[in-house]
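Shown next, in structure tokens, is the structure this report addresses.
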Amino acid sequence: MSSIIIILLVIGAIIASQSLFIVDETNQAIILQFGEPIKTVQTPGLNAKVPFLQNVILFEKRILSSDAPPQEYLTTDKKRLVVDHVTRWQITDPLLFFKAVRTEAGARARLDDIVFSELRQELAIISFKDVIAEERENIEERVAKSSAEKASEFGINVVDVRTKRADLPEEVEQSVFDRMRAERQRESSLFRAEGEEQANIIRAQADRAGTVIRAEGEREAQQLRGEGEAAAISIYAEALSQDPEFYAFSRRLEAYAGILNQGDTVIIPADAEFFRFLINNGLQPAAVVQQTE
């Protein structure tokens, strides 16, 4: 009897597991009977189905993303451009989604084709410069809007399209970088030449100013020197007029200081006029004779 009860409980559990299913807040579901969809469940909770005849397929309710491989496009000015984009999308009608694309992988493939086509149409009417500099956000908005209109046929809502990267093809990048480098080198050479020219001008102005300053200084020095010499001559003349003998004595001492050093031995003739202040008390020879007499 107990074994029968256990068997019945097991059978009941199996039937219950086949009859009941739970849809959480992140999912939505469709019920299939013999492979054909018959019902859509989009509210969270416990739901029932016919055991063994019906099965349940769950789909994401949250926003999904499709990271497509980079593709090459041609702009209106015939420039090649590689764009890497990401599409964010959401399943809004699981029944239509299942009938149109079946799985998320199928949805991504169809969605990538749509976005590729819309991007190609948009970039074909915009220049390369505008794509890189100013129009990227506007392009993304227009592509997302037009893609959403076409994707609605598959039960999909396109939330947005964002470009991760928009660059030149690799084989073109190097030539562009070389051209940019050459242009920068040309500009730097121009700046250096202009700087050297300005430096030469400044050096020439400084040299000219230095020459003028030195000439002015030399002229002023000569003028001061002349004034000093004139003053010295005037002083000497006044001294000579007041006491010629003292003046001669002073001048002769200055001469002695210039030619004699301490410790020098000097042999002086008795009639040496130049050294007369060192001998005979500085008197003239005639004066010395008169004193001896």
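What follows is calculated from the coordinates using simple rules that are stated; it is not laboratory data. Since we're looking at a predicted model, the values are computed, not measured. Note that we place each Cβ from the backbone using ideal geometry, even for glycine, and neighbour counts take in every protein chain shown.
Listed here are the residues, each with its yes/no results for (1) over 30 Å from VAL143 (Cα atoms); (2) among the small types (Gly, Ala, Ser); (3) in contact with a Gly (Cβ under 7 Å, 6 or more places away or on another chain); (4) surrounded by 10 or more Cβ atoms within 10 Å (Cβ to Cβ).
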{"site": "ARG179", "(1), (2), (3), (4)": "yes, no, no, yes"}
{"site": "ALA182", "(1), (2), (3), (4)": "yes, yes, no, yes"}
{"site": "ARG208", "(1), (2), (3), (4)": "yes, no, no, yes"}
{"site": "ARG219", "(1), (2), (3), (4)": "yes, no, no, yes"}
{"site": "ALA230", "(1), (2), (3), (4)": "yes, yes, no, yes"}
{"site": "GLN242", "(1), (2), (3), (4)": "yes, no, no, no"}
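Looking only at residues in the stretch 114-140 that are surrounded by 13 or more Cβ atoms within 10 Å (Cβ to Cβ), among the acidic types (Asp, Glu) and part of a helix (DSSP H, G or I), the one that is farthest from the chain's Cα centre (by Cα) is GLU118. Taken as a whole, the stretch 84-103 holds at least one residue that is among the basic types (Lys, Arg), surrounded by fewer than 20 Cβ atoms within 10 Å (Cβ to Cβ) and under 35 Å from the mean Cα position of the chain (by Cα).
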